[in-house]
1. Just one of the numbered conditions (1) farther than 19 Å from H58 by Cα; (2) surrounded by 14 or more Cβ atoms within 10 Å (Cβ to Cβ); (3) touching a residue at least 60 places away in the same chain (Cβ under 8 Å) is not true of L122; which one?
2. Going through R215, R137 one at a time, which residue ends up being surrounded by fewer than 20 Cβ atoms within 10 Å (Cβ to Cβ) and not in a loop (DSSP other than H, G, I, E, B)?
3. Residue under question is L113, and the condition is that it be assigned to a helix (DSSP H, G or I) and crowded, with 19+ Cβ neighbours inside 10 Å; does it hold?
4. Looking at (1) more than 22 Å from V36 (Cβ to Cβ); (2) part of a loop (DSSP other than H, G, I, E, B), can you tell me which one S168 breaks?
5. Could you identify the single residue in L189, L174 that is open to solvent by less than 20 Å² (accessible area, probe 1.4 Å) and either under 20 Å from Q144 (Cβ atoms) or of a type in the set (A, V, I, L, M, F, W, C) (or both)?
Amino acid sequence: MTQSTQDQQQVLQRRAIYTVLQEWLNEDKLLEALLVFEEHHQGKPSIAMHDYLTRIGHLFEQKMDTKLIRRRLMEVLVRRSNDLAPDPLPLLQKARANAGIDLFDVQPNQNQLALHGLISELMRNIPIAQRKQLHERLARQLKQRFVNGSYDRLAQYLISDNPLFLASFDDTALRDFFTVIYVACCEILGPVKADQWFGIAVQQLRDHDAAAGDRINRYL
């Protein structure tokens with residue numbers, strides 16, 4: 001597949017997702033869903049949508065009908081291009097600008113990458129049934145502790161699992177962020193279960209990468 005063909009496929013997928021998800025999501029959540037697609041799923045085969053829909057499931061007010069949405073996406077992808085909504089790329093670019101961060105210019109340091117590794121491991125281990133509750137609880141707590149662009153970047157980080165969104169924060173802010181995650185996990189899972197999961201995740205990180213294990217001490 002040539003670069004031009006790949007670009008056309010990415011635009012088609014983006015337009016299809018934008019067209020279909022408008023039926024379920026408001027503009028803010030739709031943009032979050034599109035950001036997840038751009039950062040993790042663009043260019044993958046159109047039929048490989050299960051992982052993507054699982055990742056954005058918590059954005060839906062009610063339980064996501066995955067089969068219905070996948071069918072709608074496949075139907076839309078075979079339409080002629082003039083049946084699709086316009087390419088939402090300008091909206092995505094505006095959303096990134098409003099978040100106050102250029103994903104292509106700012107890079108996370110080794111400490112931030114270590115924290116990201118720990119948070120990613122924790123989030124992956126949360127049962128799907130409780131993941132939506134956790135994200136909702138985190139959103140409320142983050143709004144109380146962070147404002148404006150800081151809240152936007154951390155919310156987008158949790159949606160996208162992209163460490164670039166952590167790059168503009170200092171250690172104090174990230175320590176506060178990690179505390180919010182811990183408190184939310186205690187509320188959803190119970191303090192005993194949360195402590196067990198945090199302890200296991202920290203030990204696994206230290207066993208896998210001793211240097212990263214040392215770096216996360218600054219956030220604990």
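The values are calculated or read from the model by the stated rules, or taken from the named source; none is laboratory data. None of these values were measured; they are calculated from a predicted model. Cβ placement follows ideal geometry from the backbone for every residue including glycine, while neighbour counts extend to all protein chains displayed. These area figures cover heavy atoms from the full protein model, side chains too; ligands, DNA and RNA do not enter into them. Shrake-Rupley method; radii C 1.70, N 1.55, O 1.52, S 1.80 Å.
1. Only one criterion in (1) farther than 19 Å from H58 by Cα; (2) surrounded by 14 or more Cβ atoms within 10 Å (Cβ to Cβ); (3) touching a residue at least 60 places away in the same chain (Cβ under 8 Å) is unmet by L122, namely (1).
2. R137
3. In short, no.
4. With respect to (1) more than 22 Å from V36 (Cβ to Cβ); (2) part of a loop (DSSP other than H, G, I, E, B), S168 is out only on (1).
5. Answer to the check: L174.
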